[in-house]
Every structure is written in structure tokens, then in C-alpha cells.
Amino acid sequence: MSGTLRLGIDIGGTKTAAALVADDGRVHVIRSAPSGRGPDGVVDVAVRLALGVCGETTAPVLSTGACMPGLVDPATGLVRHAVNLEVDRLALGAELEARLGTAVAVENDVKAAALGAWRLRGAGGSGSFDETMAYLNLGTGLASAVVRRGELVRGIDGVAGEIGHLPIGGDAACACGQLGCLETVASGSALARLWPESRRVHRDPFVAAAAGDLSAAAAVDVLCTGIGLAVQLLALASGAERVVMGGGLAGLGAPLVSGVRADLSRRALSSPLVGALDLPARVELLPADVPVAALGAAWLGKGRRHDARPAGVGADPMGMVG
Ligand SMILES: [Zn+2]
């Protein structure tokens, strides 16, 4: 395979991936490894993987982008407070540029994933490059990002989209220090608390619930209700036409989409206003195996809106579930 390739590096809380990506969304090569810890460890793993994938192609690599959790300033390349990676402060852009010998664009991981999802939808024909799309990341935590006509909404310090830390009630302690955050009912960590490992026979809570596990049934009910609330919040606050769900919980697949849509339908029953939003039709799930953050990171180097529409768009490279 030859042609235009871009390098995307996704530094996640547990795993780092480097991918060479074509502008139509096809992944030429991707390699991953457990993420390093601390500033040096994080950069070392990212550089090793990046050099490895670049060594697997003779095609020119036109641009490089990287993403990671935390407060990321795309202008300076500085990352702060990536707690899970034991990084308090890291000049990620400068470090990667020095080690890789090329310009590197950086972004927060959820925002990069949103960009990747937006571009995949547009390139694949299921969405439009002109639409406003909200991305809901259902990982260990809960976060979101909005892409408006190809531009990420960042807000001061990149904090736009941190809806997981909106207190909605309840007394579950959140990692942020508040009680009853949305994240405590709509995330992987919420599921782990509501349905502890020690009680599990099946790995999948929907399978367990169908098999009569009342604890799993209660947990997925809370989870779907919490995610439904997050979808409604995003639609009302951002006006996004589509809300795309991704992250680790996306692996739960069709039952998760059905559960969230059922919750959204229940909300519509009691309110003509909510009913008019037609939320069940506006929510969809990314396939769990699409490396959407690495794709988004790769496209950071492409970046600007006027450059966001690919020259030759082929068939849908990645179908959407739902
Ligand atoms: Zn919180």
C-alpha cells in the first residue's frame, strides 16, 4: 500500500498505540504496547511504537499527531494532570518533536477521538462534514467532546465536554472530589462499583442480566439511565445532530445502544419537549475495534477545516453500529 499516510499516536491510560492512517480512514499499520508511566516512560513507549510503525512503510508520512488524557494545550504541546499516567506536567509536543525529528500536533485523547469519529462519519457517508457531532466517551470515566463543522470545541483549558463531573445527585464519591457526579452512574468505573467483579459469573452485564443476575440487571439499568441523561445533556447543551458513543463500554455493543435508546424513549413519554428531540434516532455507537483516538491523532496534523474534506472519498471504511 502506498499513498498519503499520517502517523497518529494514542497514549491511553493503559495502552499506547501508534498507527499509520490514510486520509480515507484506512489503517495501514497499527502497533500497541502497555503505556509507560511518568513523563519519560510515556514518551519512551510512544517513540518506540512510532519509529516501529514508520519502519514498516516506504510511503511518505505527511504529518504526526499525538493525544493523551489530561489538560492538553494544543498551542504549546503541554500536558498537565494526566493522573493515571503519573504525569503532572509534560511538554509532550516538544519531547516527541525532538525524538522523532518532525512537527507533532497534540490534543486531549477524548477530543482526538471525537475528531476521528467525526471524520469517519463524514468520509463514510453516514454523517456530514457540515454536521455538529457530539462524542461521548464511555471509558473508566465519562467525558465528551463536540466537533462543529470540523472544529473541536475546547473552551478555556480544554475543559469543554467534561460533563462527567456534573453533580446530579447521590452520594457516590467521584475521583474529582465531588459526590454524585454523572460519571458515578455512567462509566466503566460506575459499572464496576454497581456490579463488583466478585459477583460476576458472566463478563458481560447484559448477558448476566438476561440470565437472571438481578445485581447485573440493576447495574445496567442505572448505567443506561445515566448514559441517557448524558446524551440528553449533550443534545440540549450543544445542539449536536448526532451523539456518537465510544470508549471501552462500546464493546458492550447492541444491547447497550438498545438500553440507552429505551431510556431516551422513556424520557420522551413524559415530555413533548424531549419527545420532539427524537433522541433515540440521534444516538449511535462506534464499533469497539475502531482505533478512533489514533485516527483522530493522525488527522490532527491535517487539522484545519478547509483541509478536512478528503480528496477521494471511497466506500464507508468503518460501518457504524446501530
Ligand atoms: Zn466528578
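Go through (1) assigned to a helix (DSSP H, G or I); (2) at pLDDT 95 or above and name the single condition VAL244 misses.
VAL244 satisfies every listed condition except (1).
Which of the residues that make up segment 152-194 are more than 14 Å from the ligand (Cβ to nearest atom) and within 16 Å of the chain's Cα centre (by Cα)?
LEU152, VAL153, ARG154, GLY158, ALA160, GLY188
Could we say that ALA192 is exposed (fewer than 14 other Cβ atoms within 10 Å of the Cβ), assigned by TED's automatic domain parsing to the domain that holds VAL147 and either without any contact (Cβ under 8 Å) to a residue 60 or more places away in the chain or assigned to a loop (DSSP other than H, G, I, E, B) (or both) here?
So ALA192 fits the description; yes.
Which of the residues that make up segment 201-219 are surrounded by 15 or more Cβ atoms within 10 Å (Cβ to Cβ) and either within 16 Å of the ligand (Cβ to nearest atom) or charged (D, E, K, R) (or both)?
Hits for segment 201-219 are ASP204, ASP213.
Could you figure out which of (1) within 29 Å of ARG6 (Cα to Cα); (2) surrounded by fewer than 23 Cβ atoms within 10 Å (Cβ to Cβ); (3) at pLDDT 95 or above isn't true of VAL222?
Only one criterion is unmet by VAL222, namely (1).
Residues to consider are ALA173, ALA134; find the one that is touching a Leu at 6+ places or on another chain (Cβ under 7 Å) and over 21 Å from GLY247 (Cβ atoms).
ALA173
For residues that are under 27 Å from CYS176 (Cβ atoms) and in contact (Cβ under 8 Å) with a residue 60 or more places away in the chain, scanning just segment 93-109, find the one that is surrounded by the fewest Cβ atoms within 10 Å (Cβ to Cβ).
Residue satisfying both the conditions and the ranking: ASP109.
Kindly establish whether ALA160 is in a loop (DSSP other than H, G, I, E, B), on the phi < 0 side of the Ramachandran plot and surrounded by fewer than 17 Cβ atoms within 10 Å (Cβ to Cβ).
Considered against the rule, which asks whether it is in a loop (DSSP other than H, G, I, E, B), on the phi < 0 side of the Ramachandran plot and surrounded by fewer than 17 Cβ atoms within 10 Å (Cβ to Cβ), ALA160 comes out as no.
Condition (residue is away from the ligand (no atom under 16 Å from the Cβ) and over 16 Å from the mean Cα position of the chain (by Cα)) applied to segment 115-122: is it met by at least one residue?
Checked against the condition, which is being away from the ligand (no atom under 16 Å from the Cβ) and over 16 Å from the mean Cα position of the chain (by Cα), segment 115-122 yields at least one hit.
Using beta carbons and a limit of 7 Å, which pairs, at least six apart or on different chains, have the first residue in segment 8-20 and in the same structural domain as ALA103 (by TED's automatic domain parsing) and surrounded by 24 or more Cβ atoms within 10 Å (Cβ to Cβ) and the second one assigned to a strand (DSSP E or B) and among the charged types (D, E, K, R)?
THR16/ASP10; ALA18/ARG31
Check whether at least one residue in segment 291-303 is farther than 17 Å from LEU236 by Cβ, assigned to a helix (DSSP H, G or I) and not hydrophobic (A, V, I, L, M, F, W, C), and report yes or no.
yes
The conditions are (1) within 19 Å of the chain's Cα centre (by Cα); (2) crowded, with 20+ Cβ neighbours inside 10 Å, and LEU233 fails exactly one of them. Which is it?
The one condition LEU233 does not meet is (2).
The values are calculated or read from the model by the stated rules, or taken from the named source; none is laboratory data. In this text the structure is predicted, and so the values were computed from the model without any measurement. Every residue, glycine among them, receives a Cβ derived from its backbone with ideal geometry; neighbour counts consider all protein chains shown.
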